[in-house]
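To start, the structure itself, in structure tokens.
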Amino acid sequence: MSSQSLSNRSLVEIDRAHLIHPVASFRGHEAHGARVLQSAEGMWLTDIEGKKVIDAFAGLWCVNVGYGQDSVVEAAAAQMRQLPYATGYFHFASEPAIRLAGELTALTPAGLDHVFFTLGGSDAVDSAIRYIVHYFNAIGLPDKKEFIALEWGYHGSSSNGAGLTALANFHRGFDLPRKWQHHIASPYPYRHPQGDDDAAVIASSVAALEAKVAQIGADKVAAFCCEPIQGSGGVIVPPVGWLKAMREACTRLGILMLVDEVITGFGRTGPLFACEAEGVSPDFLTVAKGLTSGYAPMGACFMADHIYQAIADASPLPVGHGMTYSGHPVSAAVGLEVLRLYREGGVLANGAVTGARFAERMEAVKAHPLVGDVRYRGMLGAIELVSNKVTKAGFAPELALGDRLTQMTWDNGVIVRCFANAVIGFAPALTCSPDEMDIIFDRVELTLNQLLDQPDIRAAL
Ligand code: PMP
């Protein structure tokens, strides 16, 4: 049966019967049914009903170069014809994987000279955790196995990473977090008692890390793990200088730092990596999403040279971590072309231009009666809706603002990420034009005005 022979209705029925969706209530998805997407060009997506919407979320914060980049398609096709697969096991390699490793390690912060390729972000984080455990065993410090991460953090859905994640959905029913996974408060300026004072927000994070390490014992803590901007927790933007202060604290406390740039990597916040802006060089750096802009699955775990050399010296036997598709040549060829587009194809430069319009529209929407907070850096941001701007009170869960806003924005022809706590996230492609940014905000503002007109929302104010 070819896909052309299926009616739209039968596609939705087959989906309902057979396809398990990520982070979905099984019954909830059956009731809702799938929104089947069919094609895309630039900033625009079209579904099987012919509805066209502007994508202000770059798929899932990943299609940084926008849809319809022919040169990326050509790079993948050429590689598939020439060599569709090569393993990295048994000392084999392919040219695209080697070239990508060389180009990326020249661009990542100093010291991150080694890279292990994965299929996405979850296994990049999982790889980092496994290497960290291996490292401390290799250097004879087997007690250093405890990990500290942030509340509201997201580090993927692997068995190890989902416990460093601090979102209830990922813990509930999965016996997480594990005993070795600890969390400290998020640097969330809007919800911090001294949120207007950057230095105070930074100091309280440093103090929280110091206190947690003291409580567990410095001889037992392996690493601190964080995103430079917390994406899936609701685009929580720490003050400038926060990442650097945490790097210094990790060094002082004798623990490793794993920076998870799966969302913030590849120009999302302006520079190629968010670490760059703060002059931070972590011991491990994880990326995915923008690495291939979603045109093929790939992630990467970068390892600092001092870790690599210690493992190399201490472990003459094989380090038992690997995947069939690590360094997949088609994904690597895609990654090389996407990297070229960022730098030579003007994508980062365009992101900077449109980023200025993004900032203008963000500042303007702050005046809306429902908007409590706006936060952004580069082409990543969120607005947080509140029922009372003075007390910053949110909305009752029964009002189901996340689901409601998802439906309303879709009806108004724009895709944004609507979180359950009434946060609306934006991560448009870096190729978005200023005019397209205006379309996005006009549609979101229309949605906010419609929401304000709804009786139960009015009653909640
Ligand atoms: N880390 C972070 C910071 C992420 O945002 C994500 C994905 N949203 C992941 C890890 C997991 O990546 P993936 O979904 O590609 O496994």
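The values are calculated or read from the model by the stated rules, or taken from the named source; none is laboratory data. Quantities reported herein were computed from a predicted structural model and do not represent experimental measurements. Neighbour counts are summed over all protein chains in view; Cβ atoms, including those assigned to glycine, are modelled from backbone coordinates with ideal geometry.
Which of the residues spanning region 1-33 are under 23 Å from the mean Cα position of the chain (by Cα) and of a type in the set (A, V, I, L, M)? Break it down into steps so the answer makes sense when it comes.
Initial filter on region 1-33 (under 23 Å from the mean Cα position of the chain (by Cα)): 20-25.
Those that are under 23 Å from the mean Cα position of the chain (by Cα) and of a type in the set (A, V, I, L, M): 20, 23, 24.
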Please state which of the following conditions residue 421 fails to meet, knowing it meets all the rest: (1) surrounded by fewer than 19 Cβ atoms within 10 Å (Cβ to Cβ); (2) of a type outside the set (Ser, Thr, Tyr); (3) modelled with pLDDT of 95 or more. (3)
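Per-residue answers, yes or no, for (1) surrounded by fewer than 20 Cβ atoms within 10 Å (Cβ to Cβ); (2) in contact with a helix residue (DSSP H, G or I) (Cβ under 9 Å, 6 or more places away or on another chain); (3) outside the structural domain of residue 447 (by TED's automatic domain parsing); (4) closer than 20 Å to residue 432 by Cβ:
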| position | (1), (2), (3), (4) |
| --- | --- |
| 319 | yes, yes, yes, no |
| 322 | yes, yes, yes, no |
| 333 | no, yes, yes, no |
| 365 | yes, yes, no, yes |
| 378 | no, yes, no, yes |
| 385 | no, yes, no, no |
| 405 | no, yes, no, no |
| 409 | no, yes, no, yes |
| 414 | no, yes, no, yes |
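This table checks each residue for (1) among the β-branched types (Val, Ile, Thr); (2) free of Cβ contacts under 8 Å to residues at least 40 places away in the same chain.
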| site | (1), (2) |
| --- | --- |
| 110 | no, no |
| 115 | yes, no |
| 136 | no, no |
| 142 | no, yes |
| 145 | no, no |
Within the bounds of region 390-405, is there any residue that is farther than 23 Å from residue 350 by Cα, part of a loop (DSSP other than H, G, I, E, B) and touching a Phe, Trp or Tyr at 6+ places or on another chain (Cβ under 9 Å)? yes
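Please give the helices (runs of 4 or more DSSP H) falling wholly within region 111-179 in which 3 or more residues are more than 12 Å from the ligand (Cβ to nearest atom).
Numbers: elements: 121-138, 161-164, 168-171.
Hits in region 111-179: 121-138, 168-171.
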What's the number of the condition residue 62 fails, among (1) away from the ligand (no atom under 16 Å from the Cβ); (2) in contact with a helix residue (DSSP H, G or I) (Cβ under 6 Å, 6 or more places away or on another chain); (3) of a type outside the set (S, T, N, Q); (4) under 24 Å from residue 418 (Cβ atoms)? (1)
Of the residues in region 279-296, those that are assigned to a loop (DSSP other than H, G, I, E, B) and hydroxyl-bearing (Ser, Thr, Tyr) come to 281, 292, 293, 295
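Please go through region 257-280 and give me each residue that is more than 14 Å from the ligand (Cβ to nearest atom) and touching a Cys at 6+ places or on another chain (Cβ under 7 Å), ordered by number. Walk me through how you get there before you give the answer.
In the first step, residues of region 257-280 are kept if they are more than 14 Å from the ligand (Cβ to nearest atom); the result is 257, 267, 270-272, 276-280.
257 - this is the single residue of region 257-280 that is more than 14 Å from the ligand (Cβ to nearest atom) and touching a Cys at 6+ places or on another chain (Cβ under 7 Å).
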Could you check, for region 204-212, whether at least one of its residues is farther than 23 Å from residue 390 by Cα and in contact with a Gly (Cβ under 6 Å, 6 or more places away or on another chain)? no
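Residue 290 - would you say it is within 16 Å of the ligand (Cβ to nearest atom), farther than 28 Å from residue 141 by Cβ and out of contact with any helix residue (DSSP H, G or I) (no Cβ under 6 Å at 6 or more places or on another chain)?
Working: within 16 Å of the ligand (Cβ to nearest atom): yes; farther than 28 Å from residue 141 by Cβ: yes; out of contact with any helix residue (DSSP H, G or I) (no Cβ under 6 Å at 6 or more places or on another chain): yes.
Yes.
Can you pull out the residues in region 158-180 that are hydroxyl-bearing (Ser, Thr, Tyr) and buried (at least 19 other Cβ atoms within 10 Å of the Cβ)? Step through it out loud before you land on a result.
Taking region 158-180 as the starting set, the residues that turn out to be hydroxyl-bearing (Ser, Thr, Tyr) are 158-159, 165.
The answer is 158, 165.
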Top-ranked residue in region 201-241 [being away from the ligand (no atom under 16 Å from the Cβ) and in a loop (DSSP other than H, G, I, E, B); ranked as surrounded by the most Cβ atoms within 10 Å (Cβ to Cβ)]: 239
Of the numbered conditions (1) β-branched (Val, Ile, Thr); (2) surrounded by 14 or more Cβ atoms within 10 Å (Cβ to Cβ); (3) under 20 Å from residue 429 (Cα atoms), residue 73 satisfies every one except a single condition; which is it? (2)
Quick one: would you say residue 141 is modelled with pLDDT of 95 or more and buried (at least 21 other Cβ atoms within 10 Å of the Cβ)? no
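Condition test on residue 97, is it more than 16 Å from the ligand (Cβ to nearest atom), in contact with a Phe, Trp or Tyr (Cβ under 7 Å, 6 or more places away or on another chain) and small (Gly, Ala, Ser)?
Against the criterion (more than 16 Å from the ligand (Cβ to nearest atom), in contact with a Phe, Trp or Tyr (Cβ under 7 Å, 6 or more places away or on another chain) and small (Gly, Ala, Ser)), residue 97 qualifies.
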